[in-house]
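Notes follow the structure.
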Amino acid sequence: MLLLPVLLLAQAPVPASMAVEPAEVRPGDSVLLTWTFPQVPQVRLEPGGMVLPGRFQVTLRPAYTTTYRVFDARPGGPELGRTEVRVTPGMPL
C-alpha cells in the first residue's frame, strides 16, 4: 500500500467585527451600524431587541448618545460587541 502525504488547507476564520459610521452625528441623522459575527447565526441588537443575522448592517437614527450592544441571540447568549454613537445637538453641518 502506498501512502501519500495530504495537505489540508484550512480556511482562515473570519474575524468578528462591529463598527458604526459616522460615530458622531446630530439628533436624527443616520448612522450605519455593521457587524460580522461568523460564529453565531443570529444576534440580538440592543437597545431595541431586534434579532438579525450574524453578518448584517442596519441604518439607525439615534436621538441621543447611544451605546449599541450585540448579543448572541440564543438563550443566555453572551455579549459579542458594543459601539457608541455620540449625538451632539450643536454639531456643525
So what does the Cα-only Debye profile of the range 16-93 read at q = 0.12, 0.28 Å⁻¹, as log10 I(q)/I(0), no solvent term?
-0.33, -1.33
Taking the simple approach of a point 7 Å from Cα along Cα-to-Cβ for both T34 and E46, what is their distance in nm?
2.6 nm
Computed FRET efficiency, Cβ-Cβ of A23 and F56, R0 22 Å: what is it to the nearest 0.05?
0.75
Neighbour net charge for L80 - beta-carbon separation under 13 angstrom, K R +1, D E -1:
+2
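Readers should treat all values here as calculations from the given coordinates under stated rules, not as data from a laboratory. Owing to the predicted nature of the structure, the values given are computational and were not obtained by experimental measurement. Backbone-built Cβ (ideal geometry, glycine too); neighbour counts: all protein chains shown.
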